[in-house]
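Below is one structure, written out as structure tokens, with a few remarks after it.
The values are calculated or read from the model by the stated rules, or taken from the named source; none is laboratory data. Just so it is clear, the model here is predicted, and its values are computed rather than measured. Cβ placement follows ideal geometry from the backbone for every residue including glycine, while neighbour counts extend to all protein chains displayed.
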Amino acid sequence: MRSLLVLLALAVLSAAAEPRKPNILFILTDDQAPFDFPFYHRQSTLQAPNLTALASDGMVIDAAHHMGAFTGAVCTPSRHMILSGRTVWHLPIGPGAKTCPPELEKNSIGPVFGRAGYATMRTCKQGNSYPAADKLFDVVHDATKRGGTAETGSAWHAERVLDYLGARKNKNDTRPFFIYFGLSHPHDVRDGTPELLAKYGATNHTDKSNPPALHKLQPPLPPNWLPQHPFNNTHRNVRDEQSVSGVWNRRDEATIRNEIGRQYACSENIDIQIGRVLARLKEMGELENTYIFYTADHGIAIGRHGLQGKQNLYEHTWRVPMIVKGPGIKPGSRAPGNIYLGDLLATFCDLTGIAPPPTNEGMSFKSVLFGEKPSIRDTLYGVYNGGEKPGMRTVKQGDWKLIEYESTTTGVRETQLFDLKENPHEFLPEHKQGKATNLANDPKHAAKLGEMRALLLGEMRRLNDPWRFSDQPADGLTPPAKASPKNQRKKKP
């Protein structure tokens, strides 16, 4: 009997000594540029106290990116990459579908964490996602909520999380949790709540013939605003550039400031809802053992560079906000990171001691979060070719960034080379800043241009990009149809 009691005591002590697995709260917004936030852009007038506090209590990643898209619905490949940890050309949709492992969804976030003993829950928008993986969380409450009321907007998603936490408490569920807290805002149509729209001097404008008036409370124009983009970027007729209610193809000051006001109204409401969830976790004693990730599926232009949507590769759209708070992360820290959204699955696994699935292609950035290194890679690649082909590509290394544009059907061919240290807003000659902007045609930077083009080709090859630009080696790929002579456009000197 005494031996049995000793064994039981040892078992209890062993269980008590075993550390609790950390929880994960993953928060994902829809269409949000990092520069909306004051901790990325000091001139921003967005008030987001809960996210600002989260940034102060955790780490801000300065170079988080989505890898890109081959469709105008940029959300779709982005969310596939988040859920599966795959690179952009290795997804079960698009040009890489034939090379993707079968039943990839079984190695996505929900099943990976479920098999490891986690309770999993998801709420998010419907559509433009990865449906086969979305439904594999234990509890799923998906609906698109982009309205201006508690039932039709962001509060609906927050209520689903709060209900789940309440049920967990009532059932005395002690399993670690993975909560995928997705929101449908601030994606257009940006119907904010009436009080928050008023706070930012914005209206839910719906009349094409009568643009909104300027209001003193509206946010200022972004520093890289333009009344139009200076050239065809290979997809200027995409829905986001022409058909967003309240904007359409207008880029005048009043329209853009009103639209940013609507964006901020939706974003502040998101902040309020996040605050409610964090307060509940604190009340339950779960907050200190939870890693909180905040990010977006991609950025958005809203007037920057004369663009409106997410179908471009400027920093405001290729980059995403990224805040991470949790055990072992130094409060108030920042790092470039040089991460992709596709690195999230590997990082979630690394933080929780779970083996990543064999289909994962992402890299864990736990070492960045714990202050062991500033970045996990030197070079970043991005693509957008949901319009004309081959479309747009970018590569960034250090302070240097190259963007290439080409359509072999219309003759578009443009190159941009930026020194982001000297030109962080990617000013173009049309911004009339009185200094060097696009350096692609500057003879002094010819060597750098050649270096960046070689770097881009290397990344295109490494990542199995199925297209090439006309001045690149064909690599045995089937080239797009050539433009007819009447559509050829003379390249700028």
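Tabulated data
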| quantity | calculated |
| --- | --- |
| The listed residue being touching a helix residue (DSSP H, G or I) at 6+ places or on another chain (Cβ under 9 Å) and in a helix (DSSP H, G or I), out of A150, A133 | A133 |
| Yes/no for Q47 being assigned to a loop (DSSP other than H, G, I, E, B), surrounded by fewer than 24 Cβ atoms within 10 Å (Cβ to Cβ) and polar (S, T, N, Q) | yes |
| Considering residues of the stretch 431-452 that are among the basic types (K, R) and touching a Phe, Trp or Tyr at 6+ places or on another chain (Cβ under 9 Å) only, the residue farthest from D471 (Cα to Cα) | K435 |
| Leading residue by the ranking (farthest from T290 (Cα to Cα)) among those in the stretch 178-202 that are of a type in the set (S, T, Y) and either in a loop (DSSP other than H, G, I, E, B) or free of Cβ contacts under 8 Å to residues at least 40 places away in the same chain (or both) | Y200 |
| Condition met for R262 (in the same structural domain as T203 (by TED's automatic domain parsing), touching a His at 6+ places or on another chain (Cβ under 9 Å) and assigned to a helix (DSSP H, G or I)) | yes |
| Scan of the stretch 119-149 for residues that are closer than 18 Å to T29 by Cβ and hydrophobic (A, V, I, L, M, F, W, C), ordered by number | M121, C124, A143 |
| Subset of the stretch 96-115 (residues that are over 22 Å from I179 (Cβ atoms) and part of a loop (DSSP other than H, G, I, E, B)) | C100, P101, P102, E103 |
| Options P211, P222; residue that is buried (at least 21 other Cβ atoms within 10 Å of the Cβ), part of a loop (DSSP other than H, G, I, E, B) and touching a residue at least 24 places away in the same chain (Cβ under 8 Å) | P222 |
| Hits in the stretch 228-277 - residues which are out of contact with any helix residue (DSSP H, G or I) (no Cβ under 6 Å at 6 or more places or on another chain), surrounded by fewer than 17 Cβ atoms within 10 Å (Cβ to Cβ) and of a type in the set (S, T, N, Q) | Q228, N237, Q242, S243, S245 |
| Selection status of Q273, more than 30 Å from F70 (Cα to Cα) and either part of a loop (DSSP other than H, G, I, E, B) or modelled with pLDDT of 95 or more (or both) | yes |
| Residue that is out of contact with any Cys (no Cβ under 6 Å at 6 or more places or on another chain), of a type outside the set (S, T, Y) and farther than 21 Å from G110 by Cα, where the choices are G166, G192, G148 | G148 |
| Residue count, the stretch 469-493 (criterion: closer than 11 Å to S407 by Cα and either modelled with pLDDT of 95 or more or within 30 Å of the chain's Cα centre (by Cα) (or both)) | 3 |
| Set G117, G127, G96: member being out of contact with any strand residue (DSSP E or B) (no Cβ under 7 Å at 6 or more places or on another chain), at positive phi and touching a residue at least 60 places away in the same chain (Cβ under 8 Å) | G117 |
| Flag for E361 being acidic (D, E) and not assigned by TED's automatic domain parsing to the domain that holds H66 | no |
| Complete set of residues in the stretch 420-441 that are at negative phi, at pLDDT 95 or above and either among the charged types (D, E, K, R) or in the same structural domain as P230 (by TED's automatic domain parsing) (or both) | K421, E422, E430 |
| Among the residues listed as R160, R175, the single one being part of a loop (DSSP other than H, G, I, E, B), among the basic types (K, R) and under 30 Å from A116 (Cα atoms) | R175 |
| Test: residue in the stretch 266-282 that is under 16 Å from the mean Cα position of the chain (by Cα) and either without any contact (Cβ under 8 Å) to a residue 24 or more places away in the chain or under 30 Å from S209 (Cβ atoms) (or both) | yes |
| Residue count for the stretch 435-461, restricted to those that are among the charged types (D, E, K, R) and assigned to a loop (DSSP other than H, G, I, E, B) | 2 |
